[in-house]
Amino acid sequence: MTVKIVTDSVADLPLQVVKELGITVVPLNVRFGEKVYRDGIDLTTDEFYDKLARSKVFPVTSVPSPAAFAEAYDKLAKETDEILAIIVSSKLSGTYDVAVQSIGLMKRKCRVEVIDSQTATMAQGFIVMAAAKAARAGANLDELEAIVRRNISRVDFRAAFDTLEYLRRGGRIGRAQAFLGSVLKVNPIITLKDGVVEPAGRTRSRAKAIDHLYNFALSYSNIEEMAVEDTATPEEAEALVERLSSKFPKERIYRSRMTPAIGTHTGPRLLLVAVQGDRG
Amino acid sequence: MKQIDSINGQDLREMFAAATTWLEKSVSDIDALNVFPVPDGDTGTNMLLTMRSTIEEAYRAPDRSASAVAQAMAKGALMGARGNSGVILSQIWRGLAQGFVGKGSLTGSDLADALQQSSTMAYKGLSNPVEGTILTVVREAAAAAQAQASNDRNDLISVMEATVRAAKESVANTPTLLPVLREAGVIDAGGQGLYTIMEGALHYLKGETEQIQLRKPMMIASSVPLPVRLPQMAVSEVPYGYCTEFILKGEELDPDKIRLRLDKKGESLIVVGDESTVRVHIHTLDPGNVIHYVTSLGTTHKVSIRNMDEQLHDFVEMQKERLPAADMAIVAVVSGDGLADVFRSLGVAAIVPGGQTMNPSTKDLLLAVESVVSDKVIILPNNKNVVLTAQQVQSLTTKSIEVVPAETIPQGIAALLAFDYEADFETNARIMKESKSNVKTIEITRAVRPVRLGGLDIKRKQAIGFLDGDLVAVSESTTDALNRVLARVNLDEAEVITIYYGADTELPEAEKVSASLREQYPQLQVEVVRGGQPHYNYIVSVE
């Protein structure tokens, strides 16, 4: 029986990929005031950034309920006896713990393994995609776990921020705290290392920050997957895709929008390049 | 909205048992915050151990009344208290227990009143209370509890919610009250610990056991932006000595008198207790002396003497793991308080005052290099005349030194921004050196004497302008000189212009220049920053 793959909405997977590869996505929750939305379902990305810009209350995120995971597992357990869940970094979100604890709430019997992807965004998405493809090709759960663990060290991303205020307020600033409090206006570049927010660089202009993302992609000797994501600046993202097409076929570059659960912690002007491959 | 009107002793115990579980999850995060009074990185652990002892004793209470359970908890806290924050925490329990005396169950206003006593007790244990610590947090939290209790909505949950909210704000504010926190770039560890305990108790009251199981306490973000810096071990060469703790048992003991006698024997003194049991915590260079004194008063128990300099060393090691590039540090030569702030906010570990008119000595630079924790140090001279001096430092230290020969302030800042957190020392030195070509420097000053330079006749006090060190403009006004130099730079290709105005220049003047630049070149990002530098009216970077 084919192993079924589960992930959370932080993986930023385009809907088409989710459908094609038969991936189950469990949404986090985004709350504006008293109103709770399921990430990417009750609230589209456009609606969210529109609200983020206009709303007086700041949104907060919360983990999916254990029931949401248990239902997703049970539904899949009708078709399979093995499930692999690949979850956003446990250092950023409690979703991993929920995904593990929900196993105990299942009504059906089925082996479920949960792996901490130690990352987020399409970097997490690539790990999920590779696992889903291998599962379709017949890999069993143990083989898939090995593939996932190998890919965790082969995905990476750089994200250009206009401000770290949102990250700071959400308590997820990590080691990028070193970038706070600058007297000069700087554009911080952030990544995740071992699942924790890590400073990668600073520039004095948005254009130089985008150069930084471009050079990051150029530093790879072998690229298997590439994605360009934005929160609310699609023109910038398109221009970056054009530039990157000299390095990697344009039609293979995934264009994705940051899911509201991430946008809550990054703010509206984020641009990101995610890569799976080998550097140097 | 859920309401709870009162709880009994059993609930009280369960509530703080849950709070202890909650606290346990953030122990290592709290340890990492710890810089005051001694950066030994054990606040979280100490608070947890104190709470465990508190809860264990709570189960030995003779009955289930709130009063009996609280008394037992206070006793457990006093016996098990560890470290500064642990002892203060035990005072907080003692205050609560006093407030609950004779009460079978507790209402919201009982809790508020008892918290007020906790705050008073917490301050009482110290001869020299410091604000911006757990003390401030308990005081402000207690005040908020009082305010809520005098409201219509004074059930336990409402009071506890108000308490937690106030504690959170109070913790976020600690860096504004205590300079050592601000410098270290952290909030107060003990305050965070207390907040976490209260938050855990609130989760319990609201029946959110799932939250406690699944989630992790959030560390509170400071209300002011904080730069991250390592504790500067070598700067304070005064040893911290020994953290000495014990329980004194006897008859007719007088905590106030003991506090007075021990006051001169060390730092961070806390003496709490009653006439039969007194707990002492002190940082002293001579623990023998302290013990000798107290054994004349009674018997000593649970004596603990820990070498804090050793603890500090471990703490610095722990911090290195948590911080970016902690094995590398940057030392910069800068004059002007505004410019010093700019460099510091970009992560420079030590600033050596100096520049055009005041070149630092090799020894000044050496001291700064030795003062930073890192073994690999990059020096930014930021002046042509300091580069050579900086290059002498390597021969005088065992640390590895790289001099990035920035000759101007803008070159130094460009080098700092080029610093790559993922790259090693040598690579960073290389990319920082390469960054020089990305920036042009304009400097405007006044001639100190008449001179003929670069084919120009210059009178004394005339404004002169340099572009990357070459004299290119002379004028009567400094602003005009700046405009003349700017006219020689191809600004169509520039993205960012930063104007650092000097100590002798007024902001409105600098803003005139920036306004006209923005008008002529709307694509430019122009920033005006107070540099406060002597000698130069303007230092301008064009990137």
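Number of residues in region B:495-543 that are assigned to a loop (DSSP other than H, G, I, E, B), among the hydrophobic types (A, V, I, L, M, F, W, C) and closer than 29 Å to B:GLY354 by Cβ equals 1. Please work out if B:GLN148 is surrounded by 20 or more Cβ atoms within 10 Å (Cβ to Cβ), within 14 Å of chain A (Cβ to nearest Cβ) and part of a helix (DSSP H, G or I). For B:GLN148, the condition - surrounded by 20 or more Cβ atoms within 10 Å (Cβ to Cβ), within 14 Å of chain A (Cβ to nearest Cβ) and part of a helix (DSSP H, G or I) - is not met. Out of A:VAL128, A:VAL186, A:VAL114, one residue alone is touching a helix residue (DSSP H, G or I) at 6+ places or on another chain (Cβ under 8 Å), within 14 Å of another protein chain (Cβ to nearest Cβ) and under 23 Å from A:ALA70 (Cβ atoms). It is A:VAL114. Take region A:180-196 and flag every residue that is under 15 Å from B:LEU346 (Cβ atoms) and modelled with pLDDT of 85 or more. Those that are under 15 Å from B:LEU346 (Cβ atoms) and modelled with pLDDT of 85 or more: A:VAL183, A:LEU184, A:LYS185, A:VAL186, A:ASN187, A:PRO188, A:ILE189. If the Cβ limit is 8 Å and pairs must be 6+ apart or interchain, which residue in region B:483-512 that is away from every other protein chain (no Cβ under 14 Å) pairs with which residue that is of a type in the set (D, E, K, R)? Note: pairs meeting the criteria are B:VAL489/B:LYS440; B:LEU507/B:ARG530. With a requirement of 3 or more residues that are within 12 Å of the chain's Cα centre (by Cα) and in the same structural domain as B:LEU12 (by TED's automatic domain parsing), the helices (runs of 4 or more DSSP H) lying completely within region B:151-217 that satisfy it span B:156-177, B:179-184. Residues that are modelled with pLDDT of 95 or more and in a strand (DSSP E or B) do occur in region B:430-441, at least one of them. Looking only at residues in region B:115-139 that are within 16 Å of B:VAL159 (Cα to Cα) and in contact (Cβ under 8 Å) with a residue 40 or more places away in the chain, the one that is farthest from the chain's Cα centre (by Cα) is B:LEU115.
Restricting region B:373-413 to residues that are aliphatic (A, V, I, L, M), in contact (Cβ under 8 Å) with a residue 24 or more places away in the chain and in a helix (DSSP H, G or I), the residue that is farthest from the other protein chains (Cβ to nearest Cβ) is B:LEU396. Has region A:254-263 got any residue that is crowded, with 20+ Cβ neighbours inside 10 Å and more than 25 Å from A:SER117 (Cβ to Cβ)? No: zero hits.
Please enumerate the residues belonging to region B:469-482 that are in a helix (DSSP H, G or I) and crowded, with 17+ Cβ neighbours inside 10 Å. Hits for region B:469-482 are B:THR478, B:THR479, B:ALA481, B:LEU482. Looking at region A:108-195, the helices (runs of 4 or more DSSP H) lying wholly inside it that each contain 2 or more residues that are outside the structural domain of A:MET258 (by TED's automatic domain parsing) and among the small types (Gly, Ala, Ser) sit at A:121-136.
Could you say whether any residue in region A:254-276 is away from chain B (no Cβ under 14 Å) and free of Cβ contacts under 8 Å to residues at least 12 places away in the same chain? Scanning region A:254-276, I find no residue that is away from chain B (no Cβ under 14 Å) and free of Cβ contacts under 8 Å to residues at least 12 places away in the same chain, so the answer is no.
The values are calculated or read from the model by the stated rules, or taken from the named source; none is laboratory data. The structure presented is a predicted model; accordingly, all values stated were derived computationally and were not measured. Glycine also receives a Cβ, built like all others from the backbone with ideal geometry; neighbour counts cover every protein chain displayed.
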